[in-house]
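What follows is a short report on a single structure.
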Amino acid sequence: MDYGSQNLRENYILSPEASQLSIDLYSEFNDDSCKFIDQTLNKARKASAVFTQYSQEKVDKIVYSVVKAAINNSREFAKLAREETRMGLFEDKILKNIVASEFLYHQIKNKKTVGVIKEHKDEDMVEVAEPIGVIAALTPVTNPTSTVIYKSIISLKTRNAIVFSPHLMSSKCVAYTAEVLYKAALEAGAPEGCIGWLKRNSKLRKQTNHLMHHPEVDLVFATGGTTMVKVAYSSGKPAIGVGSGNTPVYIHKSCDIESSVMDICISKTFDNGTECPSEQTLVVDSEIYEQTLSEFKKINCYICNEDEIKKLTPIVIDPETNSMNYKFVGKDAYTIADAAGIIVPKDTKILLCKINSTHNRHPLLKEKLMPVLSVLKADSVNDALNKCLLVNHSGGTGHTAGVFASDEDIISRFQTLINAGRIIVNQPTALGGLGGIYNNLSTTLSFGCGTGGGNSTTDNVNVYNLLNIKRVPRRQIQPMWFKTPNQIYSNTGALSTLKSIEAKNVFIITDTNIEKLGIVEKIISALPSEVNFKVFTEVEPEPNRSVIDKGVKQIGNFKPDHFIAVGGGSVIDAAKAIRLFYECPETKFEDLAINFVDFRKRVTTFPSLGKTKLIAIPTTSGTGSEVSPACVIADNKNGLKISLFDYNLMPDIAIVDSELVKDLPLVPTVDTAIDAFTHALEAFVSIYATDFTDSLCLQAIDTIHEYLPKVVNALDNLDIRQRIHNAATLAGMAFSNASVGINHALAHALGAKFKIPHGRANAVFLLSTISFNSGIPRKFMPFTNYKKYIACKKYAQIAKTLGCIGDNIPELIEGLKDKIKELLKKSELPSQVCELGIKLDDYLTSIPELIEKTINDLSLRTNPRMPLIEELEGIFRNAY
Amino acid sequence: MLTNDENDLLQGEIISNETINRIFNKLENQLLDQKEVIVDLKEVIFISVYFLERLEVFLEKAKQLDAIIKIINVQPAIYKVFRVAKIKAILDSVS
Ligand SMILES: NC(=O)c1ccc[n+]([C@@H]2O[C@H](COP(=O)([O-])OP(=O)(O)OC[C@H]3O[C@@H](n4cnc5c(N)ncnc54)[C@H](O)[C@@H]3O)[C@@H](O)[C@H]2O)c1
Ligand SMILES: [Fe+2]
C-alpha cells in the first residue's frame, strides 16, 4: 500500500457502501462518459486474444524494448511524478523506476511465461502458462510511474493486456508513462491495445468503477489503500489487491547497532518514507536503547521530546480520520517538523518519537508514510516480541516486518510470531521488501498481505501471479511389488528342516486339537535338542484380542528369538499378532486397524519387526496365512473382525508339509481348499494382479481343480495332499500381493451373518461373481495400472488352462462355470446359498445387512468391477 | 470465393496492415454481387488486432446486405484467438 489516508482515498474511488452495489455498477455507469473505457477495453480484449499466439521469443523482445524505454525515461517519469503528486523525493523516484525496470528485468528476463513454464520431473508433471486476458490496474499516488512500469512489464511478459486507472492526483504522469511504454511495446511488435490508460478528467472516479466492473475485465490488480483494495475485491472479479501495512522492527541487543541504524535511515528516508514496507515503529532492547538513539542522532536524526511529540502527533495522524495525514505523506522531516512548530536543523533525516506506554495505544504507533518513526523500549525479549506483535496487529498483519539480530534464535522466534508476507532480516525493510536489491525476493511494487491484510496472496506480486497456470500431470504407473517369505520348505517330511534352525528360545503357538493330534510333539522332536521351548496352546478358532493378550503374557521372561505357529489359519494369525505385540508392546491395536485403500498411502505407520522370527507351519490347506501379510483378529467387544495388514506381519519361514494335514477331516479339507481356489481366481482378475501373481494363480487353480476331487476319496494320500497343500500356499502368495475381490466380500458378509465356514461361503458365490465380473461394468474400479477391462479375457484364459474349448470369450467363460459347477459337485461343496440350509425368508430379509457389510469390505477395492448397491442385491438374490 | 491472388494473401502470419486492407477490400467488393462469401483460413497461422477489427467490420457490412459469410478451415490457434476475443459475429460465422 502506498498511502493510508481516508481523505486521499475518497478522491479516488467510491465509498465502501457503493462497492456493495458491485453487480449493478456496470450498468449504472454505462453512460457516455464511459464510452472511452468501452473502446479501450474492446481493444485490450482483442490484444489479449492476439497475444495468445505469441511465442516466448516475441514476448521477450517486447519486454526488452519496454524495459529499455523505462530506463531511458526514468528521470523524466520521476520528475513528472514528483511535480504532479508533490510527494517523495525526485532522486529516490528515479531509483524506484530503475528498480521497476532494470532490477525487475534482471529477475524475469529468463523466466518462462509462455508454453511449458515449469517441469516437475519427479512428479511427472508440467505447468503450462495461459494468459489471464485483460487486467484493470489501479495505481497508487505514492508510486505512480514505477507502478506503471512494473505492472506493464509483468503484464506484457505474461501476454496480458492492461488498462491503468490512476489516482486523480497522479493521472498525468501515469498517462505519460503508459503512453511511452505502449509505444515501445508496439515498436517491438506487441498487439495494438495491449496497454491502455484512463485520462485525467472530472469523471475519473466514476470511470474507475466502470472499469473494475466491466465485463471485458478479467482481473482487477489494485495497489493502494485498504478501502480501495476492498472495492477491488468486491468488484465481483478475480482480484489481486494489495493494501496497507504497519512495519514493526525489532532491534535486538545482538545486532550491529551502527549498521542497523544506517539501514533504517536509508529505508525510512527512501522517497521520504512513501514505501509501504518501510519501518514504522522500532522496538529496541533496553540494554542498547540509549546507544541506538545516540547513533540516530549522530547521523542527523532528531529525537523529539515529550512536548514536541504532542505537537507532532496531530500533524502525522489526522485526529479526525485517526489515520495518517495525507498532507504530509512523502514530505521531508524538516517540513513536517516545521508544520508542528518544532525547530529542527534543515538536514534532519528522521523525527524519532519515544513512546513510553503501549497501554493506551498511541496514535503514532500507526502507519505513517513519512520520515517519522516511533520507538518503544523493551525490558526483555518477551516484552519486545509482544510490542512488535502489538504494532503488527495494529494494521500491519500480512505486510512487512523487520528484525536486526545476530542471534538466530531471536530471528526464529520473530519469524514464527509475526504475521507478515516478508520478514526482512538485518536489512532496510523498504528496499528489502522491494526485492532484488538486498535479497532474492521477487522484485515488486505490490506487496501481497495475505488474509491478514484482506488480500489473496502474501507474494511479492510478480509474473506468476498474472498467469493461469495449467498443470498437466502425466499418468503415473505405480511400481507393483511381490513379497513373500524368503524361505518356503515344501514336501512330505519338510518339517525336518527345523533341525537346522539357529534358535535358542522358541515360543510355540498352537491349539489343543493340534496338540492332541501329536503334531506339537513332532515339532519339538524336529527342533535341535539344545533349543529351549515353551508352548502356548490356548488359541481358539477365529482368535480374539484376549487370546493375543494371554499369549503375550505367557511369554513372560522367556525371551524368544523364534516363534513357531503350528495350526490352521487361526493359529498362524494369532501368532502374527502375539509376535507383534511382544516386540512392540506400545503399539495400539486400534491404530493399526484403521482401514485403508492403498496400504502404501495409509494413515497408520506400522511398526517394523525383526527382533524375532516367525516360522509358520500350516495344518490346513487353504488360508495361505503361512505366507500372507494379514491376520484377522476378532474384537468381541463390538463384534467386529479386524484385519491387520502389513508385510511386517508376514512369516519369515513357511513349512508346507503334507504330514501335518493328513488327519484333516473331509469337510474342512474341501472347505479350505475351495477357499484357496477362490483366492487364486480372485487374485487373477484383481486390479492389482501382476505377471508374478498370475503365474501362481494359474498353477494353483489348475492343481486344485485336478486334485480336490481326488483327495475326497483319498484323504490319507500324502502325494495328493501335498499338491493341494502347495496350491494353497501358491494361492496365498498370489492374494498376499494382488488381494482378492468381490467373492470374498460377499462370503465374509454371509459367513458372519449365518455362521457359514469361510470356504463354503466362498463356494456359493463363485458362479455369480464370475458372471458379474464378465459383464460390461456399469462402474469400473479406478486404478492407474489397470488400463483395460480384461476380467473376461482372464476368465477365458483360466478356462483354457482347465481344458475348456470355445470359439470366443463368452463360450469359454460358460465352459469355466461348468467346470466349477462340476468341481463343487465332485467335492461335495454347495454352489448355491440354498444348499447351506439357510431359509429363503431369513436370507431375503437379511440382504440389506449383507449389502452393508459387503460394501465396507476391503476385498471389494481390488475387484475390477465396482458394484452398485442394486447390483449387489441382484448378486445376493441370484446366488440363492 | 477469393481469386487465387487473394488466396495467396490469406496465408502464414498476417501482420501487415496493407495486406489486411487488400484482403478485406477484395472481400467487401464481393459483397456487392454475392450473397455468400467464403473466407478460407486454412493457411493462416497468425492474425493481428487489425485483422480482427477488419473482419468484424466486414461481417457487419455483410449483415446489412443480408449476405452470408462462412469462415472455414480455421486453425486451432486462430480459433482460440476468436474465442478469447469473444466477438459474436465472428464466432457465428465460423463453420
Ligand atoms: N491371514 C490370512 O491371510 C488369512 C486368510 C484367510 C483366513 N484367515 C483366517 O484363518 C482362520 C481360518 O483358518 P482355518 O480355515 O485354517 O481354520 P482354523 O485355523 O480356524 O482351524 C479350524 C479347526 O480345525 C482344526 N485343525 C486345524 N488343523 C487341523 C488338522 N491338520 N487336523 C485336524 N484338525 C485341524 C483347528 O484346531 C480348529 O479347531 C480364520 O480366522 C480366518 O480369518 C487368515
Ligand atoms: Fe479366503
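The values are calculated or read from the model by the stated rules, or taken from the named source; none is laboratory data. These numbers were taken from a predicted model, which means no experiment stands behind them. Here the Cβ is made from the backbone with ideal geometry for all residues, glycine too, and neighbour counts use every protein chain on show. Areas reflect the complete protein model, heavy atoms only, side chains present, ligands, DNA and RNA absent. Shrake-Rupley method; radii C 1.70, N 1.55, O 1.52, S 1.80 Å.
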How many of the residues in segment A:164-182 are over 16 Å from A:G224 (Cα atoms) and in contact (Cβ under 8 Å) with a residue 60 or more places away in the chain? 6
Filter result (within 23 Å of the chain's Cα centre (by Cα), closer than 17 Å to A:G224 by Cα and part of a strand (DSSP E or B)) within segment A:416-473: A:G421, A:N460
Positions within segment A:645-665 being within 11 Å of ligand 1 (Cβ to nearest atom) and either in a helix (DSSP H, G or I) or open to solvent by 10 Å² or more (accessible area, probe 1.4 Å) (or both), in sequence order: A:F645, A:L649, A:M650, A:S658, A:E659, A:L660, A:K662, A:D663, A:L664, A:P665
Tell me which of these B:A89 doesn't satisfy, since it passes every other one: (1) within 10 Å of chain A (Cβ to nearest Cβ); (2) surrounded by fewer than 18 Cβ atoms within 10 Å (Cβ to Cβ). (1)
Would you mind stating whether A:K613 is more than 16 Å from ligand 2 (Cβ to nearest atom), open to solvent by 30 Å² or more (accessible area, probe 1.4 Å), within 21 Å of A:S570 (Cα to Cα) and touching a strand residue (DSSP E or B) at 6+ places or on another chain (Cβ under 6 Å)? yes
If I filter segment A:775-788 for residues that are of a type outside the set (F, W, Y) and either assigned to a helix (DSSP H, G or I) or within 16 Å of ligand 2 (Cβ to nearest atom) (or both), do I get at least one hit? no
Taking segment A:210-234 and keeping residues at pLDDT 90 or above and either of a type in the set (A, V, I, L, M) or in contact with a helix residue (DSSP H, G or I) (Cβ under 6 Å, 6 or more places away or on another chain) (or both) leaves A:H210, A:L211, A:M212, A:H213, A:H214, A:E216, A:V217, A:L219, A:V220, A:A222
Top-ranked residue of segment B:50-86 - restricted to ones that are among the β-branched types (V, I, T) and not in a helix (DSSP H, G or I), ranked as farthest from the other protein chains (Cβ to nearest Cβ): B:I68
Please go through segment B:21-49 and pick out each residue that is within 14 Å of chain A (Cβ to nearest Cβ) and assigned to a helix (DSSP H, G or I). B:V49
Cβ contacts < 8 Å: first residue assigned to a loop (DSSP other than H, G, I, E, B), restricted to segment A:121-137; second residue among the β-branched types (V, I, T), any location; separation 6+ or different chain. Result? A:I132/A:T158; A:G133/B:V84
Which numbered condition B:E18 fails, given (1) closer than 21 Å to A:Q53 by Cα; (2) surrounded by 12 or more Cβ atoms within 10 Å (Cβ to Cβ); (3) more than 14 Å from chain A (Cβ to nearest Cβ); (4) not basic (K, R): (2)
Select the strands (runs of 3 or more DSSP E) contained entirely in segment A:483-545, then report the ones holding at least 2 residues which are open to solvent by 10 Å² or more (accessible area, probe 1.4 Å). A:487-490, A:532-536
Of all residues in segment A:704-743, which are touching a residue at least 24 places away in the same chain (Cβ under 8 Å) and among the polar types (S, T, N, Q)? A:Q722, A:N726, A:T729, A:S736, A:N737, A:S739, A:N743
Which one of these is in a loop (DSSP other than H, G, I, E, B) and within 13 Å of ligand 1 (Cβ to nearest atom): A:I756, A:I724? A:I756
Would you confirm whether any residue within segment A:671-691 is closer than 20 Å to A:I519 by Cα and touching a Gly at 6+ places or on another chain (Cβ under 9 Å)? yes
What number of residues within segment A:744-753 satisfy the criterion of being surrounded by 24 or more Cβ atoms within 10 Å (Cβ to Cβ) and either away from ligand 1 (no atom under 13 Å from the Cβ) or not in a helix (DSSP H, G or I) (or both)? 4
Residue among A:P560, A:P541 that alone is at pLDDT 95 or above, over 42 Å from the mean Cα position of the chain (by Cα) and either over 22 Å from A:H725 (Cα atoms) or not acidic (D, E) (or both): A:P560
Only one residue in A:E123, A:E127 is under 36 Å from the mean Cα position of the chain (by Cα), open to solvent by less than 30 Å² (accessible area, probe 1.4 Å), more than 28 Å from A:I437 (Cα to Cα) and more than 14 Å from every other protein chain (Cβ to nearest Cβ). Which one? A:E127
Matching residues in segment A:190-234 (under 34 Å from the mean Cα position of the chain (by Cα), within 30 Å of A:K366 (Cα to Cα) and either open to solvent by 10 Å² or more (accessible area, probe 1.4 Å) or within 14 Å of chain B (Cβ to nearest Cβ) (or both)) number 5
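State all residues of segment A:825-852 that are among the charged types (D, E, K, R) and open to solvent by less than 90 Å² (accessible area, probe 1.4 Å); if no residue qualifies, say none.
Those that are among the charged types (D, E, K, R) and open to solvent by less than 90 Å² (accessible area, probe 1.4 Å): A:D842, A:E849.
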Scope segment A:617-644; condition away from ligand 2 (no atom under 16 Å from the Cβ) and either open to solvent by less than 10 Å² (accessible area, probe 1.4 Å) or not in a strand (DSSP E or B) (or both); matching residues: A:I617, A:T619, A:N636, A:K637, A:N638, A:G639
Note on A:S374: of the conditions (1) open to solvent by less than 50 Å² (accessible area, probe 1.4 Å); (2) of a type in the set (S, T, N, Q); (3) over 24 Å from A:P140 (Cβ atoms), unmet is (3)
Looking at this structure, is A:F677 open to solvent by less than 20 Å² (accessible area, probe 1.4 Å), in contact with a helix residue (DSSP H, G or I) (Cβ under 9 Å, 6 or more places away or on another chain) and of a type outside the set (V, I, T)? yes
Check every one of the helices (runs of 4 or more DSSP H) wholly within segment A:42-114 and list those with 3 or more residues that are surrounded by fewer than 17 Cβ atoms within 10 Å (Cβ to Cβ) and outside the structural domain of A:G330 (by TED's automatic domain parsing). A:56-72, A:74-85
